[in-house]
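Read through the structure below, which is laid out as structure tokens, and then see the notes.
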Amino acid sequence: MPEETRLVVEIPPDMAFAHCLAGVAKTLAERLGMGPRENLRFQLTVEEFCMYLAGVARDGRPMRIELTGKRHLLHAAFGFEASELALGGLNITACPKPGQSGESPKDIGLLLAGKAADRFFLEHQGGDRFRIVAEVDRVYPALSPVRPPESSRPPYRLLAEHDPARLTQAAALASGAYPAWQCPGSFRTPEKFADLVADGQVDCLAAVDASGRMAGLVTWSPCSDRAIYFSGPFVFAADTPRADIARLLLDGMLMALARTPYVIMLSFRGTDDLTPGYFEPLGNLRVSAEAGGEQAVVFRHLREDAGLAVWCSPRIETFLRQSYERLEMFRDLLPVEEPPVRTRTESLLGATLDRQRDLAELQPFLDGRDMAANLAAHVDAIRGKGIGRILFYMDLSRPWEAALAEDLTHAGFVPKLVLPYAGQADKVVWQHERAS
Amino acid sequence: MNGPLERIPAYVREFERYVPSRPDAALMRQYGVSRLVRLNNNENALGPPPSAREAVAAFDPARAAVYPSGDAYDLRHALAARFGKSPEQFLVGNGSCEVIASVIRALCAPGDAIVTADRTFAVYEWVARFSGIASRLVPLKNLALDPAAMHAAVTEGVRVVFVCNPNNPTGSWWNRAVLESFLRALDGRAMVVLDEAYREFVDDPDFPDGMEIMESHDNVLVFRTFSKMYGLAGFRVGYLCGSLEATDIIRRTQIAYSVNVLGQVAATAALADDAGHIAATRRMVADAKAFLGRECDALGLEYVCGQGNFAMVRTPVSDTLLYRRFMRQGIMVRTMTGFRFPNWIRVSLAPEAAMQAFATALRSALDAK
């Protein structure tokens, strides 16, 4: 299987090209050894996005399509220009809207494209330029439990582990030893975790004992140009000096990241094995609406914080000032215009749902006059799927996102914590409080 | 489409620029303090020697309109007289950072590599990276440069070995025997830069003098600076000394006129009468080391205090958190995560009042946890 296959093409905004691009998508999926179901979903994603975007893209301006195959997923990116962009059909709450007599329902293609992909992102690149990214994941076998090592013996050392079999074993060991919410989703399908490492999407360090047995693991991946999300440390053997292994892993990770572009490390999944004093609390999130347990979110800088300017709604000014004061971070708060001026009719939210972790994560892609209703509809839909925890991420680099504070409050969201540098600037994490 | 920017080499695009700290006034406003004790850059708190102060005070502002000597002529002659060498063996730069860049430009081509330690002065690694030259980073052993491992790392394609002696930030150093043994084993297969930025702080007779060593090893280049012992960091004057042939080659890659006239005047004057200044500085550093050692012992903190006007302290909380707590009290230290020493800080050794302020801030910062 090739390391990564990337195809780039520019086409005029003409629906006639959609079918042949679907053929390219099919060939790419075949070459990457994807299963028939992933292959079909990828073809559908590419064809339907092409068809839809050809209809809305500005005449005379080419669309740039990139199709990339990696071990763990197929990725399609569509760059285009559009002056009137309405992508409401991509919301998870979207339903087919009736067309005029005899026509297909409006937005049906967009709806199909959104449902066929595992996830999508929208980047507004300024002016009328946009980029949509849609991804289809490879399907992996589920976790087979493995027995944890009964004992291990020092000295312990670090390995930048790349062997797929050992990575798979490490992910399975972590899954067996730690609760699901502390493990990356890929640990549930450990072969995916090994592929993510091979694809360069995730970095990790393993700790091994004197005989080379796996003793611990820590993983990390970028969440922005400036910030890293990490998971762990995971320590496998019960009878070992857990604190020593954890510290070895954390020091190794910090040294690996020391002279990189990253300013900060963040974790929603810090384990009980985190070495005291290494990380600072950002705040807490509820783990389970029913149980009422809390999950600490932690961080540490990798260098001195040079400060930032962030947009701020009056609704959360006190929250932001108190948060930054407590964190001793310097931010210039720039007031946003309220109420926001909304020129677009339909808003668009990205949604990632994870039933096993009882978690839904929302992020705004496009503002629109229906934002308040759209938020409420998303909450209803997510609750309807039995998911209790709903988080919303607001990037304070964009004034229109910062101005969503009022709509979020009305929809039942509460600002919980600030994630420094997690977006283009800091992000605020809002959590939905279930109405009593 | 960004046009020409799309063709920027990956090693430039992916390089993270160094972000210097803000000016003192801005930092004081930011942290709400009325004073700032700088213990982060290993500057000499005693300032420049009296001879340099007088030269700066006597400088005629009208000379600012005239270009400086393009190759620091007077300073090179003063250095030559001081060390008994030819002025042509000296190359003066805008701080030793400029000289590091000149060496790498002159001696390395794409595909070549440098060897240095993983936890040492970062600029060797940075310049190599943004120049497209590989860095082979050799782990420290017991907080010191590991001569055997560094020697083993010098394989095909390695052009320069950077040896920071004493090492910043650990203060460890190679004595004469270790250095001689390393150079003999290397047998001229790569140029060796002895970065002696802190050598004037060392009074141990077993500390090797690069100026002597280079007489018997023509692959040795010696770096020194006026930014540390001589208290002229604000003027940015550093230099290298090497064989006539090596210096001639390196000079070709350095921009002339890069060292300002006032820096040249002050550095030349500083050399003229430095014995008293060096002795006073060494006393101040020795006192500060003793003070810091007592404080760390009392607090149960691990510390490393080798040669040079700095020490490292291991902290029970993240170094970056401690930095912010220190700044709230007007004390500036260097976080060490970026040096690959997570949860250590580096502290410049300074007169008693500054060290006392540091100790007070340290206790307060640790109490806050």
| Search result, residues across the range B:323-343 that are within 27 Å of A:Arg247 (Cβ to Cβ), within 8 Å of chain A (Cβ to nearest Cβ) and assigned to a loop (DSSP other than H, G, I, E, B) | B:Arg340, B:Pro342, B:Asn343
| query | If we only count strands (runs of 3 or more DSSP E) wholly inside the range A:124-230, which ones have 3 or more residues that are within 30 Å of A:Glu81 (Cα to Cα)? | reply | A:129-137
| remark: Residue pairs qualifying under the 6 Å Cβ cut-off, at least six apart or on distinct chains, with the first in the range A:253-278 being at the interface with another protein chain (Cβ under 8 Å from one of its Cβ atoms) and the second being crowded, with 21+ Cβ neighbours inside 10 Å and of a type in the set (A, V, I, L, M), are A:Tyr278/A:Leu250
| So, of the residues in the range B:304-322 that are of a type in the set (S, T, N, Q) and within 14 Å of chain A (Cβ to nearest Cβ), which turns out to be nearest to B:Leu36 (Cα to Cα)? | B:Thr320
| message | Quick check on this structure: which one of B:Thr170, B:Thr155, B:Thr116 is in the same structural domain as B:Thr225 (by TED's automatic domain parsing) and within 25 Å of B:Arg17 (Cβ to Cβ)? | response | B:Thr116
| field | Sole exception among (1) within 13 Å of another protein chain (Cβ to nearest Cβ); (2) exposed (fewer than 10 other Cβ atoms within 10 Å of the Cβ); (3) over 20 Å from B:Thr320 (Cβ atoms); (4) at pLDDT 85 or above for B:Glu6, by number | value | (4)
| query | Hey, does the range B:84-96 have a residue that's within 23 Å of B:Ser258 (Cα to Cα), of a type in the set (Phe, Trp, Tyr), surrounded by 20 or more Cβ atoms within 10 Å (Cβ to Cβ) and away from chain A (no Cβ under 14 Å)? | reply | yes
| Scope the range B:344-363; condition more than 14 Å from chain A (Cβ to nearest Cβ) and among the basic types (Lys, Arg); matching residues | B:Arg363
| message | What pairs come out if I take residues in the range A:303-329 that are in contact (Cβ under 8 Å) with a residue 40 or more places away in the chain and within 11 Å of another protein chain (Cβ to nearest Cβ) and pair them with residues that are of a type in the set (Asp, Glu) and outside any helix (DSSP H, G or I) whose C-beta lies under 7 Å away, six or more apart or interchain? | response | A:Met329/A:Asp305
| field | Considering residues of the range B:225-273 that are polar (S, T, N, Q) and over 19 Å from B:Ala81 (Cα atoms) only, the residue surrounded by the most Cβ atoms within 10 Å (Cβ to Cβ) | value | B:Ser227
| said: For the range B:11-53, give me the residue count where each residue is away from every other protein chain (no Cβ under 13 Å) and at positive phi. | reply: 2
| of a type in the set (Ser, Thr, Tyr) and over 30 Å from A:Gly69 (Cα atoms), is that true of A:Tyr278? | yes
| said: Among the residues that make up the range B:201-218, is at least one of them assigned by TED's automatic domain parsing to the domain that holds B:Lys85, part of a strand (DSSP E or B) and in contact (Cβ under 8 Å) with a residue 24 or more places away in the chain? | reply: no
| task | Could you tell me whether the range A:244-252 includes any residue that is outside any strand (DSSP E or B), more than 14 Å from chain B (Cβ to nearest Cβ) and more than 26 Å from A:Thr352 (Cα to Cα)? | result | yes
| task | With the condition kept exactly as written, say whether any residue in the range B:176-195 is under 30 Å from B:Pro48 (Cβ atoms), assigned to a loop (DSSP other than H, G, I, E, B) and either within 14 Å of another protein chain (Cβ to nearest Cβ) or not acidic (Asp, Glu) (or both). | result | no
| query | Do you know which residues across the range B:60-75 are under 12 Å from B:Thr268 (Cβ atoms) and either free of Cβ contacts under 8 Å to residues at least 24 places away in the same chain or outside the structural domain of B:Val237 (by TED's automatic domain parsing) (or both)? | reply | B:Tyr73
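The values are calculated or read from the model by the stated rules, or taken from the named source; none is laboratory data. Since the model is a prediction, treat every value here as computed from it, not as a measurement. Methodologically, a virtual Cβ is constructed for each residue, glycine included, from the backbone with ideal geometry; neighbour enumeration extends over all protein chains shown.
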